[in-house]
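Report on the structure given below.
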Amino acid sequence: MTRATELPPTLDTFLQELITIQQTASKQIAILGSRHLPLGHQQLIEMMSYALALTGNKILTSGATGTNQAVIRGAIRADASALTVILPQSLDRQPRESRDQLEQLMHLVEHPENDDLPLSEASIACNREIIGKCQQLICFAFHDSRVLLDACNYAEELRKVVTLFYFD
């Protein structure tokens, strides 16, 4: 039951989203998504990341291939200092094809304490850390992407603005 001074949850969420969308100052935007996507989708995500970083936003992502690599490429091209990458495990545990790119980042957070965890568990913790630091989450997923969809639900529980794009 809500008190007289509190807004109903749906109205409160709507107002939070409206405030975040209308905010003209720099925002902390997390972009997460699937590892498996076509090159054309990667190029679109890269352009979006580039535009968001170029307009003064701070971008947070993880270090996997696919969506996250596209985010990293776009943000670096616009403003490398606007990007923070948080890894679920240590850099040594990342795929070889993304390690070279990750080693050159200004703001890279590793979690070697999670090296003994299965990647799915480490990814859940990593996604929650990223979401905790952002105002808005943009997510690219398939309808069966459990870890990503759970991340979107978690972000909504924290009253973050969530934009979810489905590949299928």
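[x] 1.09; [y] 0.99; [z] 1.02: which one is Rg/Rh (Cα atoms, Kirkwood Rh) as calculated from this entry?
[y]
With r as the distance between the Cβ atoms of Ala25 and Leu119 and R0 = 30 Å, compute the FRET efficiency 1/(1 + (r/R0)^6) and round to 0.05.
According to the calculation, E is roughly 0.25.
Starting from the 7 Å offset along Cα-to-Cβ, what nm value, one decimal, do you get for the label separation of Lys133 and His36?
Output for this residue pair reads 2.9 nm.
Under a cut-off of 17 Å between alpha-carbon atoms, report the aspartates and glutamates in cross-link reach of Lys58, not counting same-chain residues fewer than 8 places apart.
Output for Lys58: Glu46, Asp79, Glu129.
Please give the Cα centre distance for the stretch 64-89 versus the stretch 92-129, rounded to the nearest Å.
Each part's Cα centre sits 12 Å from the other's.
Between Ser90 and Asp150, what length comes free when the chain is fully extended (0.36 nm per residue of separation minus the Cα-Cα distance, one decimal in nm)?
Going from the current span to full extension adds 19.3 nm.
We did not get these values from a lab; they are worked out from the coordinates using the rules stated. Here the structure is a predicted model, which means the values were calculated and not measured. Counting neighbours? That spans all protein chains shown, and the Cβs are built from the backbone with ideal geometry, glycine included.
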